[in-house]
Amino acid sequence: MTGAFDDVDALTKVAVNLFYGWGYNFYRAENHLRADDLMVRAKVGALLGRSRASVEQAESAWRRERIAAPTREKPLPDPAALEGARKLEALSRDIGALEGQIRAQPVPEADRMTNRYRREKETLQQLCDFDTTLVGRAEVLRGLVEDATPQVLLERAGEIEGGLLNLTRGLRERQAWLLG
């Protein structure tokens with residue numbers, strides 16, 4: 001049985017017209033760069049997700065080990081233990097918020113207006129440079145927090161917060177460059 005589903009030339013024309021209509025040409029380097037940018041940011045998000053999971057596990061362990069059930073003699077938990085739990089909870093929340101921001105970053109559209117006012121290939125190459133820095137910083141953060149004990153994480157809290165600030169700064173630079 002032959003027909004519209006078997007006519008390779010007609011199918012190719014339909015596919016190419018759809019690709020162009022969608023702003024996609026699979027032979028252009030820009031499309032590979034755009035896909036790379038999306039993939040890299042997904043990987044950064046995954047690294048941050050692992051970091052957040054490590055901090056959450058440490059927080060859970062901290063609460064289990066340091067915050068006892070209330071008793072008549074001691075109805076309130078140790079304030080230092082509560083402070084440590086809150087600190088770990090805040091680190092986890094901050095890492096998760098940053099992860100969401102990175103995953104939601106835009107990539108320039110593949111349209112004629114973008115190409116007219118900005119060179120798409122150079123723009124995407126610059127974004128890959130920004131994203132490479134984000135990957136490096138996310139991996140350093142992951143290495144800093146993964147498999148660390150709650151006590152070690154609390155001792156490293158300042159360094160972790162500094163790493164998050166660096167990641168945030170890099171993300172803002174990326175956003176400013178893309179918009180500017």
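When segment 148-180 is filtered for residues that are hydrophobic (A, V, I, L, M, F, W, C), in contact (Cβ under 8 Å) with a residue 12 or more places away in the chain and over 27 Å from Arg63 (Cβ atoms), the ones remaining, listed by number, are Leu171, Trp177, Leu178.
Cβ-Cβ distances below 7 Å connect the following pairs, each with a first residue in segment 81-96 that is on the phi < 0 side of the Ramachandran plot, a second residue that is modelled with pLDDT of 95 or more and of a type in the set (S, T, N, Q), and a separation of six or more residues or different chains: Ile95/Ser51. In segment 84-104, the count of residues that are part of a helix (DSSP H, G or I), at pLDDT below 90, within 16 Å of Arg34 (Cα to Cα) and not basic (Lys, Arg) is zero. The listed residues are Val44, Val40, Val55, and the only one of them that is surrounded by 14 or more Cβ atoms within 10 Å (Cβ to Cβ), at pLDDT 85 or above and over 30 Å from Gly180 (Cβ atoms) turns out to be Val55.
When each of Val152, Val135, Val145 is tested for being under 14 Å from the mean Cα position of the chain (by Cα) and not polar (S, T, N, Q), the lone residue that passes is Val135. The residues in segment 150-180 that are of a type in the set (Gly, Ala, Ser) and out of contact with any Lys or Arg (no Cβ under 9 Å at 6 or more places or on another chain) can be counted, and the count is 4.
Of all the listed residues (Ala80, Ala69), the sole one being of a type in the set (A, V, I, L, M, F, W, C), at pLDDT 90 or above and out of contact with any helix residue (DSSP H, G or I) (no Cβ under 6 Å at 6 or more places or on another chain) is Ala80. Look at (1) within 17 Å of Arg156 (Cα to Cα); (2) touching a Ser or Thr at 6+ places or on another chain (Cβ under 9 Å) and you find that Glu99 fails only one, number (1).
The values are calculated or read from the model by the stated rules, or taken from the named source; none is laboratory data. Bear in mind that the values here come from a model prediction, so they are computed numbers and not experimental data. Positions of Cβ are backbone-derived with ideal geometry, glycine not excepted, and every protein chain shown enters the neighbour counts.
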